[in-house]
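K.L.:
Below you will find the structure I want to go over with you.
The values are calculated or read from the model by the stated rules, or taken from the named source; none is laboratory data. Values in this document were obtained by computation on a predicted structure and should not be read as measured data. Cβ coordinates were reconstructed from backbone atoms using ideal geometry, including for glycine residues, and neighbour counts include every protein chain displayed. Surface areas here come from the heavy atoms of the whole protein model, side chains and all, with no ligands, DNA or RNA. Shrake-Rupley method; radii C 1.70, N 1.55, O 1.52, S 1.80 Å.
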Amino acid sequence: MMIKKKRITAALMALGLGAVTMFSQFPVSAAEETAQNTDAAAQTADPSVVVTNGIDGWPQASDISSAAAIVMETSTNTVLYSKNADQPLYPASAVKIMTCLVALENSSLDEQVTMTATGVSGVTDGGANISSQLDEVFTMEECLYAIMVASANDIALQVAEHVGGSVDAFVQIMNTRAQELGCTNTVFTNPTGLPDENQHITAHDMALIMEAAMANDTFRTIAATTSYTLPATNVSGGERVLTNNFTMINSTSDGYYKPCIGGKEGYTEASGSTLVCEASKNNMKLVCIVLNGASGVTDDEAIALLNYGFDNFAPLTIADDDFNRLSGGTVIAPNGATEDNLTTEDTSSDGQITRQYYFGGTPVGTAILEDAEQQTNDAAVTGQKNMEAAQAYSASHTTAPYYIIGAIGAAFLLFFLFLMIKVIKS
């Protein structure tokens, strides 16, 4: 049963509709310069391209050069910015985020992973690797750092075989997990992200995967690591120092963005530049995905998109004065918005109501409420059953009808109350 409940809609006053500047093609520009440019006057993107610009009262943003992008707030899954977010594109090594998530969910960090011919084949497949050797042994934790920090294809392949029994079986787990997370147009064919015409993902699906990965404490730590030292193994002659090329977490990089708490970049000729990250600021966590961009540009574009999100939106907590809220109740809305600017839609199920909040027709948050009407009905049914049980008990234990017993009891109660009143007055 769907019950649509509209609140009074008022005009939004004094909203900051600052457009973002996103056309920089210079990868050497500093993050601070990018942040300053976000307040400059810029061309507002066509709503047919940046579809969030078509939401009534939504802060307007400009276009970027990359083919697709999304900015999503993680606690409500509110989409703040969307450009071709459902277009299937090649993911490149962003695939390794799902590889690590599946490994974390299906293994322990202290497991011993032994390199076989499967993994070692990744040393010569044309991608990044750590020059692993046959029969070399790593812990699973070391493997995950190698995958995320060094983007090591050899280790990704070996982890897949170790966890899944075979690479193909592991890839099937990846696809199943993607469906569980709500992905609708994602197909994985390998755990590395190397080009395959059948492997694709959308910006929106990648945002859901990144959100799930960053909810894992271990992954979040690994994704924020700029350098990691692999200790000597049973085969290697010494330590390996792995360096992360993800610019947004590297404080010495021109693409450094202080609010960024983790992410990954990738590139192949087929995919172009891809970037996945999460940032935290102003009591919000935002996931940003940029796909099919020019090399050296996607970090600047991601910074501009994140600044757009942090500068123009804020959490809004709905008052809990007309219902008993069990969870939720916070929405992400444009600066200056109030509860009067929202509409709601309720769905009742199993004694609870799921209330979806909308701003300009777009979902911005949910709350789970007690279904008071259902509880009242349940109480009435219980009361009726109790009365019937009492009647049945009276009928089986006395020859007097239950209503006579009830009348006698009521009379006794009234007499007792009368005596109490007299005592109190005296």
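K.L.:
Hey, any idea what % of region 294-373's accessible area is carbon plus sulfur with a 1.4 Å probe? Numbers along the way, then the final one.
P.N.:
On the way: 1220 of 2880 Å².
The C+S portion of the solvent-accessible surface of region 294-373 is 42 percent.
K.L.:
Taking a ≥ b ≥ c as the square roots of the eigenvalues of the Cα gyration tensor of region 238-301, is the shape rounded (a/c under 1.5), prolate (a/b larger than b/c) or oblate? Spell out each step's value before the answer.
P.N.:
Working: a/c = 1.89, a/b = 1.08, b/c = 1.75.
It comes out oblate by the Cα gyration axes.
K.L.:
Now for a different question. Classify region 214-263: rounded, prolate or oblate, from the alpha-carbon gyration tensor (a ≥ b ≥ c, eigenvalue square roots; a/c under 1.5 rounded; otherwise prolate if a/b is larger than b/c)? Each step should come with its number before you reach the end.
P.N.:
Values: a/c = 4.58, a/b = 1.67, b/c = 2.75.
Cα axes put region 214-263 in the oblate bin.
K.L.:
Given 5 Å bins starting at zero, what is the percent of C-alpha pairs of region 73-202 in each, up to the one with the largest pair distance?
P.N.:
Result returned by the calculation: 2, 11, 21, 23, 18, 12, 7, 4, 2, 0.
K.L.:
Run a plain Debye calculation on region 182-223 (Cα atoms as equal point scatterers, no solvent) and give log10 I(q)/I(0) at q = 0.26, 0.29 Å⁻¹, rounded to two decimals, same order as the q list.
P.N.:
-0.94, -0.99
K.L.:
Evaluated at 4 °C with a viscosity of 1.567 mPa s, what Stokes-Einstein diffusion coefficient in µm²/s does region 152-291 have when Rh comes from the Kirkwood expression over alpha-carbon pairs?
P.N.:
On the way: Rh = 16.6 Å.
The estimated diffusion coefficient comes to 78 µm²/s.
K.L.:
Residues of region 161-203 with backbone nitrogen within less than 14 Å of a virtual label 7 Å along the Cα-to-Cβ line of Thr347, please, listed as ranges.
P.N.:
182
K.L.:
Could you give the length gained by full extension between Ala67 and Ser251, i.e. 0.36 nm per residue of separation minus their alpha carbon distance, to one decimal place?
P.N.:
Numbers: separation 184, 0.36 × 184 = 66.24 nm, distance 2.75 nm.
Extra length from Ala67 to Ser251 when fully extended: 63.5 nm.
K.L.:
Then there's this: Once you have a ≥ b ≥ c as the square roots of the Cα gyration tensor eigenvalues for region 315-371, tell me rounded if a/c is under 1.5, and otherwise prolate or oblate according to whether a/b is larger than b/c. Don't jump to the answer; show the numbers that get you there.
P.N.:
Values: a/c = 2.40, a/b = 1.68, b/c = 1.43.
Prolate.
K.L.:
For Val235 and Thr118, calculate 0.36 nm times their separation in residues minus their Cα-Cα distance, and state this gained length in nm to one decimal.
P.N.:
On the way: separation 117, 0.36 × 117 = 42.12 nm, distance 1.72 nm.
Result: 40.4 nm gained on full extension.
K.L.:
Hey, another quick one. Counting pairwise Cα distances across region 261-346, what percent come out greater than 16 angstrom? Display every interim value, and only then the final one.
P.N.:
Details: 2290 of 3655 pairs.
Tail fraction, whole percent: 63.
K.L.:
Another one. Which of the aspartates and glutamates could a cross-linker bridge to Lys258, judged by Cα under 14 Å and excluding same-chain residues fewer than eight apart?
P.N.:
List returned: Glu32, Glu33, Glu278, Asp299, Asp300.
K.L.:
If you rank Ser66, Ser75, Ser253, Ser121 by how much accessible surface each has, with a 1.4 Å probe, what is the order from largest down? Can you show the working numbers first?
P.N.:
Details: Ser66 0, Ser75 90, Ser253 30, Ser121 55 Å².
Accessible-area ranking of Ser66, Ser75, Ser253, Ser121, largest first: Ser75, Ser121, Ser253, Ser66.
K.L.:
Amide H neighbours of Leu80 under 5 Å, at least 5 residues apart or on other chains, H built in the peptide plane: list them.
P.N.:
Amide H to amide H, under 5 Å and 5 or more residues apart or across chains, Leu80 pairs with Val71, Met72, Glu73.
K.L.:
Grab the Cα-Cα distance for Val137 and Asn198, subtract it from 0.36 nm times how many residues apart they are, and report the gain in nm with one decimal.
P.N.:
Values: separation 61, 0.36 × 61 = 21.96 nm, distance 3.21 nm.
Between Val137 and Asn198, full extension yields 18.7 nm more.
K.L.:
Note down the nm distance, to one decimal, between modelled labels 7 Å out along Cα→Cβ at Ala270 and at Ala314.
P.N.:
4.6
K.L.:
Sticking with this structure for a sec: Can you work out ³J(HN,Hα) from phi for every residue in region 221-226, in order, using Karplus 6.51 cos²θ - 1.76 cosθ + 1.60 and θ = phi - 60°, giving whole Hz and x for Gly and Pro?
P.N.:
5, 5, 5, 9, 8, 8
K.L.:
Over region 45-92, with the other protein chains present, what is the accessible area per residue in square angstrom, probe 1.4 angstrom? Intermediate results must be reported in sequence, preceding the final value.
P.N.:
Details: 1500 Å² over 48 residues.
Counting only protein heavy atoms, the per-residue value for region 45-92 is 31 Å².
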